[in-house]
Amino acid sequence: MPVPTEADILGSEETLATIVRTVQRGAVHAVLLYGQAGGPKDAIAEHLVRGWLGRADSRAVQAYGRGNNPDVLEIRPSDTNDEISVRHIRIAQRKPDDPLSVSEFLRTPPLMSEHKVIWLHDAHRMHPRAANALLKTLEEPPPFGRFVLTTPSIGSILPTILSRCLSLACPVPAQAQLGDVLLGIDPVLHGLAMLAPETRAQLRAQPEAFRDLVQFADRLPTAGPRTALVLAEQFRALIERVGKAMGLEKKGAAFTLELLALLTARNPDAPGEWAQHMTETHRRIRQSGNVDILTDALFIRIMGIRPRPRAEVRSQSEPEEAPHA
């Protein structure tokens, strides 16, 4: 994997500085990085992993860059149930299709690195049994064990896990901070470039599909319930186009829906429940659900939740002005 650049960590420079000090002092063995999807937390996590493995020019870090360092274990939610199960953490009796667990990984010291590093992606997806199994290791890790946890939802992490980690926020950069990063990207797509940095190269090379997705998201609040199935069909066409632009095949639907949820969450005219329903549908799609059925159901559901007029929203969140004398 490529070395994260300055553009990848814009807005979180202070967090990165804390990470550098953490590695240098060696006083922390577990760090939790949190921030909204599309932010710099993954780039900062990569900096942390590299720092714990060794010097930038070391064989261990070079092997990590090629994706074949045996001293790094990355754990992601399973495609079958979209969660990190207890078998990811500890296995009493191994089955042929079981993943390498944390407990097995930490039984032996590192082969080429200064530390063994476990990176738990989407840590909020840990099953409660998995979180409880992880606690013991976080409390008493082997001297060579290090942990990185990343999540967009720190509120979903068990307090007992939080108490055993150094938790650091990774804010999304303001548009003014991005500067040269946005050069060559259609201004219509700047918001998407901020939310999803991994799309920036494609936003420059193949902007049409993404531009249509942004316009689709902008139109949703003005659409009516009767258009739900038409919208679902239009969205499936966007899935194919965005998936092709990103070089995704099976995961195109989940990726495109994640982008739509991000755009919807930032749209002041869209009800907050919409992004929640999109996130739930995203989870079911990742569990190999039928995309046609799930997207039909999604748009029928969200089109039944009408946006409130802006004046009504303001009246509930702002005090009324006193009448003029």
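Of the residues 285, 302, the single one that is modelled with pLDDT of 90 or more, open to solvent by less than 80 Å² (accessible area, probe 1.4 Å), among the hydrophobic types (A, V, I, L, M, F, W, C) and out of contact with any strand residue (DSSP E or B) (no Cβ under 6 Å at 6 or more places or on another chain) is 302.
Quick check: is even one residue across region 194-203 outside any helix (DSSP H, G or I) and either at pLDDT 85 or above or open to solvent by 10 Å² or more (accessible area, probe 1.4 Å) (or both)? No - not one qualifying residue is present in region 194-203.
Applying the set (1) part of a loop (DSSP other than H, G, I, E, B); (2) touching a strand residue (DSSP E or B) at 6+ places or on another chain (Cβ under 9 Å) to residue 74 leaves exactly one unmet item: (1).
Only one of the numbered conditions (1) under 27 Å from residue 284 (Cβ atoms); (2) of a type in the set (D, E, K, R); (3) in contact with an Asp or Glu (Cβ under 9 Å, 6 or more places away or on another chain) is not met by residue 94, and that is (1).
Taken over region 17-40, the criterion of being assigned to a helix (DSSP H, G or I), touching a helix residue (DSSP H, G or I) at 6+ places or on another chain (Cβ under 9 Å) and open to solvent by 20 Å² or more (accessible area, probe 1.4 Å) is satisfied by 20, 23, 24. Just for region 65-98: of the residues that are surrounded by fewer than 21 Cβ atoms within 10 Å (Cβ to Cβ) and in contact with a helix residue (DSSP H, G or I) (Cβ under 6 Å, 6 or more places away or on another chain), which one is modelled with the highest pLDDT? Checking each candidate, the answer is 73.
The set of residues in region 268-282 that are outside any helix (DSSP H, G or I) and open to solvent by 30 Å² or more (accessible area, probe 1.4 Å) comprises 268, 269. Would you point out the residue of region 218-252, among those that are of a type in the set (A, V, I, L, M, F, W, C) and at pLDDT below 90, that is farthest from the chain's Cα centre (by Cα)? It comes out as 245.
Only a single criterion out of (1) at pLDDT 90 or above; (2) over 23 Å from residue 131 (Cα atoms); (3) open to solvent by 70 Å² or more (accessible area, probe 1.4 Å) is not satisfied by residue 108, namely (2). Evaluate the following for residue 162: is it within 28 Å of residue 262 (Cα to Cα), surrounded by fewer than 19 Cβ atoms within 10 Å (Cβ to Cβ) and either in contact (Cβ under 8 Å) with a residue 12 or more places away in the chain or in contact with a Phe, Trp or Tyr (Cβ under 9 Å, 6 or more places away or on another chain) (or both)? Yes, satisfied. Scanning region 288-299 for residues that are hydrophobic (A, V, I, L, M, F, W, C) and open to solvent by 60 Å² or more (accessible area, probe 1.4 Å) gives a single hit, 293.
The set of residues in region 253-282 being of a type in the set (S, T, N, Q) and either at pLDDT below 85 or within 17 Å of residue 196 (Cβ to Cβ) (or both) consists of 256, 264, 267, 276, 279.
The values are calculated or read from the model by the stated rules, or taken from the named source; none is laboratory data. Please read all numbers here as calculations on a predicted model, not as lab measurements. Cβ atoms come from the backbone with ideal geometry, glycine included; neighbour counts cover every protein chain shown. Note: accessible area is taken over every heavy atom of the protein model, side chains too, but ligands, DNA and RNA are not part of it. Shrake-Rupley method; radii C 1.70, N 1.55, O 1.52, S 1.80 Å.
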